[in-house]
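Asks: Shown below is the structure under consideration.
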Amino acid sequence: MADTMPVAIVTGASRGLGRGIAVRLAERGFSIVVNFSGNADAAGETVELCRSRQSQLDQRFIPFQADMAVHEQRVRLVEQTLSALGRIDVLVNNAGIGPLVRADITETSLESFEHVLRVNLEGPYFLTQAVANYWLSQRPDPVLPHGFSIVNISSISANTVSLNRGEYCVSKAGLSMVTQLWAARLASSRIQVFELRPGIMATDMTASVKEKYDRLLGDGLVPQNRWGSPDDVGKAVSAIVTGSFPYSTGSVIYLDGGMHIRRF
């Protein structure tokens, strides 16, 4: 199995966008490490959903706890994946958090700023480094014909201002540059790196501001006039990692219903 079954690590896969990604990859024949930070029960639910949608009998779905803000836990996640599944073909850096408290940028706390950047920026940068160094040093043969893939789940906040969550915007803008850096470094080694920018997504993170975004949608903020879903993101990741974009490393792909279109 280790020689033929592609393996994906999906961080923050216990719920939300990560769960949508994991389920879609299960349908495409991947074994999946379902990374979670603290909610083991939710990760178990994702594992069961993946099993219900798997396309190959020998796929495996394993929940692994690791906090993306902690270096030693990131290293352990890579080591445990290789020990349990024998290889890594895809890394999806999805884990992300919002501010501790939504507050105007004049009131952003140092604690919140540092916490958000450790998870949203430091985490994917150095987890990518660990996986990339495995690929570069061990030179495993790719199972997938186009090679290996890294997908960073960013946000329209990478270039769209939200004055009550400045630390989140800064983290996603930084993640956009992380994508460019690693795409340039790894392109010659058959490793592609992409950035996906979701817009207004129906997840736990937006549940507390649902009424606000419902009003904005009603006022035409999003041309397609609906919330995005975890499955929208899952479909996009699935297309990328199965080779539908073989000549597009470093690309930014919007998943925002057209919200990024400049209009007047």
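Asks: Show the residue pairs meeting these rules: Cβ distance below 6 Å; 6+ apart or different chains; first residue within the range 117-132 and touching a residue at least 12 places away in the same chain (Cβ under 8 Å); second residue among the aromatic types (Phe, Trp, Tyr) and crowded, with 18+ Cβ neighbours inside 10 Å.
Replies: Pairs that qualify, where the first residue is touching a residue at least 12 places away in the same chain (Cβ under 8 Å) and the partner is among the aromatic types (Phe, Trp, Tyr) and crowded, with 18+ Cβ neighbours inside 10 Å, are THR128/TRP182.
Asks: Related question: What do you reckon, is GLY98 among the small types (Gly, Ala, Ser) and at positive phi?
Replies: Numbers: among the small types (Gly, Ala, Ser): yes; at positive phi: no.
For GLY98, the condition - among the small types (Gly, Ala, Ser) and at positive phi - is not met.
Asks: Hey, among SER37, SER55, SER83, SER31, which residue is modelled with pLDDT of 95 or more, small (Gly, Ala, Ser), closer than 26 Å to PRO140 by Cα and touching a Gly at 6+ places or on another chain (Cβ under 8 Å)?
Replies: Being modelled with pLDDT of 95 or more, small (Gly, Ala, Ser), closer than 26 Å to PRO140 by Cα and touching a Gly at 6+ places or on another chain (Cβ under 8 Å) holds for just one of SER37, SER55, SER83, SER31, which is SER55.
Asks: Report, ordered by the first and then the second residue, all pairs with beta carbons closer than 9 Å, sequence separation of six or more or different chains, a first member in the range 91-107 that is touching a residue at least 60 places away in the same chain (Cβ under 8 Å) and closer than 11 Å to MET68 by Cα, and a second member that is assigned to a loop (DSSP other than H, G, I, E, B) and of a type in the set (Asp, Glu).
Replies: Going by the 9 Å Cβ cut-off, the qualifying pairs are ALA95/ASP67.
Asks: Still on this model: In the range 164-188, which residue that is touching a residue at least 24 places away in the same chain (Cβ under 8 Å), farther than 22 Å from ALA239 by Cβ and of a type in the set (Gly, Ala, Ser) is surrounded by the most Cβ atoms within 10 Å (Cβ to Cβ)?
Replies: SER171
Asks: For the condition farther than 23 Å from MET177 by Cα, β-branched (Val, Ile, Thr) and in contact with a Ser or Thr (Cβ under 7 Å, 6 or more places away or on another chain), what is the one hit in VAL116, VAL101? Give the steps one after another, and end with the answer.
Replies: Numbers: VAL116 fails: farther than 23 Å from MET177 by Cα.
After applying the criteria, what remains is VAL101.
Asks: Something else: Does ARG185 satisfy the criteria of being in a helix (DSSP H, G or I) and under 30 Å from ARG139 (Cα atoms)? Full working, then the answer.
Replies: Details: in a helix (DSSP H, G or I): yes; under 30 Å from ARG139 (Cα atoms): yes.
Criteria met by ARG185.
Asks: Can you name the condition, by its number, that ARG226 falls short on among (1) farther than 21 Å from ASN94 by Cβ; (2) basic (Lys, Arg); (3) assigned to a strand (DSSP E or B)?
Replies: Result: ARG226 passes all but (3).
Asks: Same structure again: Being touching a strand residue (DSSP E or B) at 6+ places or on another chain (Cβ under 7 Å) and either loosely packed, with under 13 Cβ neighbours inside 10 Å or not β-branched (Val, Ile, Thr) (or both) is the filter here, so list the residues in the range 246-264 that pass it. Quick ask: steps written out before the conclusion?
Replies: First, pick out the residues of the range 246-264 that are touching a strand residue (DSSP E or B) at 6+ places or on another chain (Cβ under 7 Å): 249-257, 260.
Listed by number, the residues that qualify are GLY250, SER251, TYR254, LEU255, ASP256, GLY257, HIS260.
Asks: Going by the structure shown, is VAL131 in contact with a strand residue (DSSP E or B) (Cβ under 6 Å, 6 or more places away or on another chain), modelled with pLDDT of 95 or more and closer than 19 Å to VAL78 by Cβ?
Replies: Working: in contact with a strand residue (DSSP E or B) (Cβ under 6 Å, 6 or more places away or on another chain): yes; modelled with pLDDT of 95 or more: yes; closer than 19 Å to VAL78 by Cβ: yes.
Spelling it out, VAL131 is indeed in contact with a strand residue (DSSP E or B) (Cβ under 6 Å, 6 or more places away or on another chain), modelled with pLDDT of 95 or more and closer than 19 Å to VAL78 by Cβ.
Asks: Any idea which residue in the range 20-48 is nearest to GLY228 (Cα to Cα), counting only those that are of a type in the set (S, T, N, Q) and within 17 Å of the chain's Cα centre (by Cα)?
Replies: Step one: list which residues in the range 20-48 are of a type in the set (S, T, N, Q), which gives 31, 35, 37, 39, 46.
Okay, now just the ones that are also within 17 Å of the chain's Cα centre (by Cα), so 31, 35, 37, 46.
Details: SER31: 26, ASN35: 23, SER37: 24, THR46: 19 Å.
Top of the filtered list is THR46.
Asks: Further question: Would you mind finding the one in GLY243, GLY234, GLY250 that is in contact (Cβ under 8 Å) with a residue 60 or more places away in the chain and part of a helix (DSSP H, G or I)? Give the derivation first.
Replies: Working: GLY243 fails: part of a helix (DSSP H, G or I); GLY250 fails: part of a helix (DSSP H, G or I).
Matching residue, one of GLY243, GLY234, GLY250: GLY234.
So that you can scan it fast, the table gives a plain yes or no per residue for (1) surrounded by fewer than 19 Cβ atoms within 10 Å (Cβ to Cβ); (2) not in a loop (DSSP other than H, G, I, E, B):
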| site | (1), (2) |
| --- | --- |
| ILE9 | no, yes |
| GLY12 | no, no |
| ARG51 | yes, yes |
| MET68 | no, no |
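Asks: Another question, then. Quick test for you: out of ARG139, ARG118, pick the one residue that is closer than 30 Å to VAL209 by Cα and among the basic types (Lys, Arg).
Replies: On the way: ARG139 fails: closer than 30 Å to VAL209 by Cα.
The unique qualifying residue is ARG118.
Asks: Among the residues of the range 17-32, is there at least one that is basic (Lys, Arg), under 22 Å from ALA183 (Cα atoms) and in contact (Cβ under 8 Å) with a residue 60 or more places away in the chain?
Replies: Within the range 17-32, the subset basic (Lys, Arg) is 19, 24, 28.
Among the residues that remain, those that are also under 22 Å from ALA183 (Cα atoms) are: none.
No, the range 17-32 contains no residue that is basic (Lys, Arg), under 22 Å from ALA183 (Cα atoms) and in contact (Cβ under 8 Å) with a residue 60 or more places away in the chain.
The values are calculated or read from the model by the stated rules, or taken from the named source; none is laboratory data. Since the structure is predicted, the reported quantities are computational estimates derived from the model, not experimental observations. Using ideal geometry, Cβ is built from the backbone for each residue, glycine included, and neighbour counts are taken over all protein chains shown.
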